[in-house]
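Here the structure comes first, spelled out in structure tokens, and everything after it is commentary.
Here, each number is a calculation from the coordinates, and none is a lab measurement. This is a predicted model, so every value here is computed, not measured. In this analysis, Cβ positions are derived from the backbone assuming ideal geometry, glycine residues included, and neighbour counts consider all displayed protein chains.
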Amino acid sequence: MQRGPEVNIKVHRAFGPVVEGEAVVSEEGFSPRYDLDRWTGVITKPGHKLEGTSIVDKICFFPTAKGGIAAGWAFYDIKWKKIAPKAFIFGVTNPVMVQGAVFAGIPITEGWDPHPREVVKSGDWVRVDPARKLVEVLKRGKRR
Amino acid sequence: MELTPEEQSILGGGRGEAARRALQYQIEVGRFWGAKRFVPVTNVHMMGDIEVMGDAGLEFLKSELKQSARCIVPTTTNARCMDFAHCERMGQDAGEAVKEKEIIATLRRMDVVTTDTCINYQTVYQPHLGEHVAWGDTGTVIYANSVFGARSNFEAGPAALAAALTGRTPEYGFHLDEHRKGTFAVQLKARLDDLADWGAVGKLVGESHQNYYAVPVFHGYRRAPAADELKHLGAALASYGSMGMFHFVGVTPEAPSTLPNEKMVVSDADLELVYRNYKLGDGDARLVVFSGPQQSLFEMKNLSSLFQNREIKNGTTCIVTTNSAILQQSRDLGYAKILEDAGVTILEGVCFYILQNLSPMRVANRWTNMVSNSAKIVNIIGAHRFNTILRRTADCVEIACSGVLK
């Protein structure tokens, strides 16, 4: 039986169905083109704060979005290859990320209160509920 | 969102299944951003090639064509991932080349004009003040908004294609006056004699203000900047800062007469620090790239004068990318011959950044570093595990010819 949420994060804008999964929390922004190996789903940009981390099936928290129109096709591509994350939770995002996520049917949100840094760690189990504009931390991960 | 009778008819299937799906998708995107309505667009520029789309994107495109997808506004394509004349020698996959040709053929049947250029604003179409367009490649968008005073958001491939099919885009972001105002001021005290310097300004300003809605206002520069300088500035701002617009007092049409309160300064010392901070890794100097964005005619002219009577160092690869129109003129004017005589590889209709098979190409050539005068490409190629180094144009040429990285 699932316990009730330990903490809620309110988000400002959101798209997609409800999903649950393991959180990956980044201190650095993200682009699926600049940072991600699109054949393995591992962040490979040298020096990225999550270098070596897989985002496959994860719920990814990124403070910002980086550049890149090419990212618009990339989400659909990685979803097709079954290496997509379950959701993107952005502090600040840009239209490309939203256009790409909507096209691929991947939940995406923007804006957060409180800041995830204060309430969620990589490895925690979270639920994203776009219709209610809510991210719930359901269970603490082992790494805490 | 409020829909006009025409939009309701599209949504009801009045213009076919492809247009209906496109509008439905645009409504979802518009809802996310709180768009109240659609705005008609006059021109679309889209990214679509096998490297960015993958098999999934190709299948989607083919299904669109089956649903009789047709562009209803003039639509052009961005740089792609293969120059077929060079792909075998570059070590690109023959199978992917077949798919790339399939994408091009499919797009043409949908009435897309396959220009294969990321400098459409220099060579294909220059929108006027206030004109709404739907462009992709962030460098094209920031140039359209800033220099022309046209109005576009970043439109990724699927979003641009949807706009081409419906003739409209959701009204949010840079289509609205409220997002086009300057948010911070940047005084340019630096000399900025080289295109790489302009990109470095974009890096400094973009990295410190990563936000789509941050709009820098440049001022205090000693002379009027040239189009290629604004091109490198904009491309770098969009890349490092995810920005879609800037103002330049005395230069761009919507620049404000009073400066925002937040202020920063860029000096020569700041730029020197940017160059000094690139790590040289193992000193590998065997890959020098002039790309991202494609070279303009004047950039080709300048490169040809720098490479005149020079030769690329044995074992070094130097790549220049441009579009078919500029390449043809460069051939007519003799610039291309000078570059090729020096050993430069000129690729047509592509960008180095999205070359198909780039990671395996890096491994096969044992490249560790990539040197370029483009701050944008230096920023965006990291996922392919290149260590990247920004250098001024003449320094890049010297590195390519001497094999010595400093």
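For region B:5-177: lysine pairs with Cα atoms under 18 Å, gap of 8 or more or different chains, count?
Pairs that pass both the separation and distance tests number 4.
Order of A:13-24, B:74-85, B:389-400 by packing, highest average Cβ count within 10 Å first?
Ranked from most to least packed, the peptides come out as B:74-85, B:389-400, A:13-24.
Give the span of region B:5-177's Cα atoms along each principal axis, as three whole-Å numbers ordered largest to smallest.
That works out to 50, 38, 25 Å along the principal axes.
Could you work out how far the C-alpha centroid of region A:41-80 sits from that of region B:191-230, in angstrom?
Region A:41-80 and region B:191-230 have Cα centres separated by 27 Å.
What is the magnitude of the charge dipole of region B:5-177 about its Cα centre, with +1 placed on the Cβ of each Lys and Arg, -1 on the Cβ of each Asp and Glu, and no other charges, expressed in debye to the nearest 20?
560 debye
Highest mean first, how do B:5-17, A:48-60 rank when packing is the count of other Cβ atoms within 10 Å averaged over residues? If you can, show how the numbers build up before the last one.
Details: B:5-17: 14.6, A:48-60: 17.7.
So the order, starting with the most tightly packed, is A:48-60, B:5-17.
Running a GNM on chain B with Cα contacts under 10 Å, which residue among B:386, B:32, B:248 ends up with the highest mean-square fluctuation?
Answer for the Gaussian network model of chain B: B:32.
Which whole-number percent is the relative contact order of region B:214-271 (Cα, under 8 Å, 6+ apart)? Walk me through the numbers on the way to the answer.
Values: 38 pairs, mean separation 23.6, N = 58.
In percent, rounded to a whole number, it is 41.
Region B:181-275: D in µm²/s via Stokes-Einstein (Kirkwood Rh, Cα pairs, 10 °C, 1.306 mPa s)?
Result for D is 123 µm²/s.
If we sort A:116-126, B:263-273 on the protection proxy, mean other Cβ atoms within 10 Å, highest first, what's the order? Before the final figure, lay out each step's value.
Working: A:116-126: 18.6, B:263-273: 14.2.
Ranking, from highest mean packing down: A:116-126, B:263-273.
From the mean inverse distance of alpha carbon pairs (Kirkwood) and the Cα radius of gyration, derive Rg over Rh for region B:279-402. Let's see the in-between values first.
On the way: Rg = 13.5 Å, Rh = 14.3 Å.
Reported Rg/Rh (Cα atoms, Kirkwood Rh): 0.94.
Using just the C-alpha positions of chain B as equal point scatterers, what log10 of I(q)/I(0) does the Debye formula give at each q in 0.08, 0.10, 0.12 1/Å?
The computed values of log10 I(q)/I(0) come out as -0.43, -0.67, -0.96.
Taking the number of other C-beta atoms within 10 Å as the exposure measure, put B:243, B:90 in order starting with the fewest. Display every interim value, and only then the final one.
Numbers: B:243 31, B:90 21.
By the 10 Å Cβ count, ascending, the order reads B:90, B:243.
Counting just the Cα atoms, what span does region A:52-144 cover along each of its three principal axes? Round to the nearest Å and put the largest first.
Ordered largest first, region A:52-144 gives principal extents of 35, 25, 25 Å.
Specify which residue in the list B:266, B:329, B:317 is farthest towards the positive end of the charge dipole of region B:257-374, using unit charges on the beta carbon of Lys, Arg (+1) and Asp, Glu (-1), about the Cα centre.
Farthest along the dipole direction, towards plus: B:317.
What per residue convex hull volume, in Å³, do the alpha-carbon atoms of the protein assembly as shown yield?
With only Cα atoms used, the protein assembly as shown gives 148 Å³ per residue.
Using +1 at the Cβ of each Lys and Arg and -1 at the Cβ of each Asp and Glu in chain B, identify which of B:18, B:365, B:387 lies farthest towards the dipole's positive end.
So the residue furthest toward the plus end is B:387.
Evaluate peptide B:24-35: per residue, the Cβ atoms of other protein chains within 10 Å of its Cβ; return the mean as an integer.
4
Once Lys and Arg get +1 and Asp and Glu get -1 on their Cβ, which of A:104, A:52, A:12 lies farthest toward the positive end of the dipole of region A:7-139?
Highest projection toward the positive end goes to A:104.
Take every residue in peptide B:47-59, count the Cβ atoms of other chains within 10 Å of its Cβ, and give the average of those counts. Intermediate values should be presented prior to the final figure.
On the way: counts 6, 2, 2, 1, 4, 10, 6, 9, 3, 9, 7, 0, 2.
Other-chain Cβ atoms within 10 Å of each residue's Cβ, averaged: 5.
Which of A:103, A:61, A:30 moves most in a GNM of chain A, Cα contacts under 10 Å?
A:103
Go ahead and estimate [θ] at 222 nm for the protein assembly as shown from helices alone: -39,500 (n - 2.57) per DSSP H run with n ≥ 4, summed, over the residue count, rounded to 500.
Details: 19 runs with 189 residues, N = 550.
Here the helix-only value at 222 nm equals -10000 deg cm²/dmol.
Show me, for region B:114-123, the HN-Hα J-couplings you get by feeding each phi into the Karplus relation (A = 6.51, B = -1.76, C = 1.60, θ = phi - 60°), rounded to Hz, glycine and proline as x.
Each residue's phi maps through the Karplus curve to give 7, 7, 6, 9, 9, 10, 4, 6, 9, 10 Hz.
Which lysines have a Cα lying under 28 Å from the Cα of residue A:58, excluding residues fewer than 8 positions away in the same chain?
The reachable lysines, counting only those whose Cα sits under 28 Å from residue A:58, are A:10, A:45, A:49, A:66, A:79, A:81, A:82, A:86, A:121, A:133, A:139, A:142.
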